[in-house]
Every structure is written in structure tokens, then in C-alpha cells.
Amino acid sequence: MLDDIWVDDAVFDLRPDFAVLLMTARGLRNGPTDDRSRAWLAAASEVEVQTAKIDAWKDAYRAFGAKPQRTRPSVDALTRRMPLPEINRAVDAYNSISVKHALPIGGEDLDRYVGPARLVRATGDEASEEVLGQPEPGEVIWRDDAGVTCRRWNWRQVVRTRLTEETTNAIFLLERLEPMSLEELKEAGEELADLLSQLSPEAQITSRLLTSGK
């Protein structure tokens, strides 16, 4: 699965510093927010906002014509929602890591995908859920064979692939721009894997780093 995921060269042309750490967790035991995941959210809410990393994402949005004050990068929107919302254990886990590292993270139900995920610049005629609206030509989107899975790079995900309490196989997309280092990206991935392993000790977690030229 991870080997089939790809990023179009047109995205790397836009931001050569882009990298994404892909992670799958199979055999996940998700469920409603509990005291443990609530503590992760509380700890993340105390972390000072790292504006330089968020500003890099705002610049990336402007580069493909989006207005980051209107449709905010996911980590920017999340840091404005303190205290962090309680969703479910797996989402709480990746949201806490997202805020801690000022790192956009998407978490989705792997079993809801149709074909591999890929990050591309939209043609404008991709199938998209009505609530998200139609992507604009040139917009950066995640998609699969069925259509858009996330608009405007990491602004908003579709309902179809969202993580629910019943999800057992998940994929996580940890998206990096400079000034975040690749070392910190890998550290964030290890921290997320640790939280997921606490939730589901028997889960099988695999990862792949995807950068320009790889």
C-alpha cells in the first residue's frame, strides 16, 4: 500500500521542501475519547504555538491561489481551537502530535480508499463531496481513484475516509515544510506510533518517507 502512494512532480515544483511521512496502522482498536487520550490533548494544548512552521504552510497555500485566512491549513485551524476537541482516541492521538510539532497530519480509514492515495494539482473536474465543493484548477489535493480525499493540501478531509470509532486499519499523512527538519518529522512519526501502540499494542505500524526525487 505505502509503495503505491505518490506525489506529483508539480507539487514538488511548488514546494521542493515538501515531504510526507506515510504511516499505516493495521489492527487498530479505536474508540471514544478516554482519560488517556484526553490527557494527550491537554498536554498538547499547553505547547507554545510555533508560528514559523504555520507561516510556511500559509505561504504554500498562497502559492496555489488559496487564501489561508479563509481556508486555513489544518494545523493553523487546530491551534485556534484550544482546548483541543475530543473526537476519538486515534484522532486525539494524531491531533496532539500535530499541535505539539506544528505539523499537519491527516488520519483516514484505509479500508475506505479506492486505489492508492496521491497528492496532485487538481484539474478541476475531480469528483468531490458536496460539502467540500469542487477543487479549483491548480489546487493541491489528495485524491484516490474515487475522487478528492482532502482539499487544499490539508485544509479539509472528506467524510468518506474519516477515522471513526469503528476504524481498524488507518493511514496517517504527516506533512512537512521547512523550517521543520526531516529529523523532527521522523520524531513526530515515532511519537505518533508510540501513542497508537499504547491504544492498540498488537497494531502493525509501518511507515515510508516520501520526499522530492524519491
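Cβ-Cβ distance below 7 Å, separation of 6 or more or different chains: which pairs start in segment 116-145 with a residue that is on the phi < 0 side of the Ramachandran plot and end on one that is part of a loop (DSSP other than H, G, I, E, B) and among the hydroxyl-bearing types (Ser, Thr, Tyr)?
As it stands, the answer is 134/128; 135/128; 137/123; 144/113, since those pairs meet every condition given.
Only one of these is more than 19 Å from residue 95 (Cβ to Cβ) and buried (at least 23 other Cβ atoms within 10 Å of the Cβ): 141, 171. Name it.
Answer to the selection: 141.
With 52, 39, 102, 43 as the choices, which residue is on the phi > 0 side of the Ramachandran plot and out of contact with any strand residue (DSSP E or B) (no Cβ under 9 Å at 6 or more places or on another chain)?
None of the others qualify; the one that does is 102.
Being polar (S, T, N, Q) and touching a helix residue (DSSP H, G or I) at 6+ places or on another chain (Cβ under 6 Å) is the filter here; which residues of segment 153-176 pass it?
Within segment 153-176, 154, 161, 169 meet the criteria.
Does residue 64 count as surrounded by fewer than 19 Cβ atoms within 10 Å (Cβ to Cβ), among the aromatic types (Phe, Trp, Tyr) and in contact (Cβ under 8 Å) with a residue 12 or more places away in the chain?
When the stated conditions are applied, residue 64 does not pass them.
Can you go through 33, 71 and tell me which one is of a type in the set (Val, Ile, Thr) and closer than 23 Å to residue 197 by Cα?
33
Looking at (1) touching a helix residue (DSSP H, G or I) at 6+ places or on another chain (Cβ under 7 Å); (2) crowded, with 21+ Cβ neighbours inside 10 Å; (3) charged (D, E, K, R), can you tell me which one residue 53 breaks?
Of the numbered conditions (1) touching a helix residue (DSSP H, G or I) at 6+ places or on another chain (Cβ under 7 Å); (2) crowded, with 21+ Cβ neighbours inside 10 Å; (3) charged (D, E, K, R), the odd one out for residue 53 is (1).
Kindly provide the set of residues from segment 1-45 that are free of Cβ contacts under 8 Å to residues at least 40 places away in the same chain and among the β-branched types (Val, Ile, Thr), ordered by number.
Residues satisfying the conditions do not exist here.
For the list (1) under 24 Å from residue 92 (Cα atoms); (2) among the small types (Gly, Ala, Ser); (3) out of contact with any Gly (no Cβ under 7 Å at 6 or more places or on another chain), I need the number of the one condition that residue 213 fails.
Answer for residue 213: the failing condition is (1).
Looking only at segment 54-72, which residues are among the aliphatic types (A, V, I, L, M) and under 16 Å from residue 151 (Cβ atoms)?
Across segment 54-72, the qualifying residues are 60, 63, 66.
Determine which member of the set 108, 191 is among the acidic types (Asp, Glu), out of contact with any Gly (no Cβ under 7 Å at 6 or more places or on another chain) and crowded, with 23+ Cβ neighbours inside 10 Å.
Result: 108 is the single residue among 108, 191 that is among the acidic types (Asp, Glu), out of contact with any Gly (no Cβ under 7 Å at 6 or more places or on another chain) and crowded, with 23+ Cβ neighbours inside 10 Å.
Which of the strands (runs of 3 or more DSSP E) contained wholly in segment 78-161 include at least 3 residues that are more than 23 Å from residue 14 (Cα to Cα) and within 17 Å of the chain's Cα centre (by Cα)?
Per the criteria, 105-109.
Residue under question is residue 174, and the condition is that it be modelled with pLDDT of 95 or more and either closer than 30 Å to residue 64 by Cα or acidic (Asp, Glu) (or both); does it hold?
So residue 174 passes the test.
Of 72, 80, 151, 118, which residue is of a type outside the set (S, T, N, Q) and in contact with a Lys or Arg (Cβ under 7 Å, 6 or more places away or on another chain)?
Selected residue: 118, the only one of 72, 80, 151, 118 that is of a type outside the set (S, T, N, Q) and in contact with a Lys or Arg (Cβ under 7 Å, 6 or more places away or on another chain).
What residue, of 40, 6, is in contact with a Leu (Cβ under 8 Å, 6 or more places away or on another chain), modelled with pLDDT of 95 or more, surrounded by fewer than 15 Cβ atoms within 10 Å (Cβ to Cβ) and not polar (S, T, N, Q)?
6
The values are calculated or read from the model by the stated rules, or taken from the named source; none is laboratory data. Every value quoted in this text rests on a predicted model; they were computed, and no experiment measured them. Cβ coordinates were reconstructed from backbone atoms using ideal geometry, including for glycine residues, and neighbour counts include every protein chain displayed.
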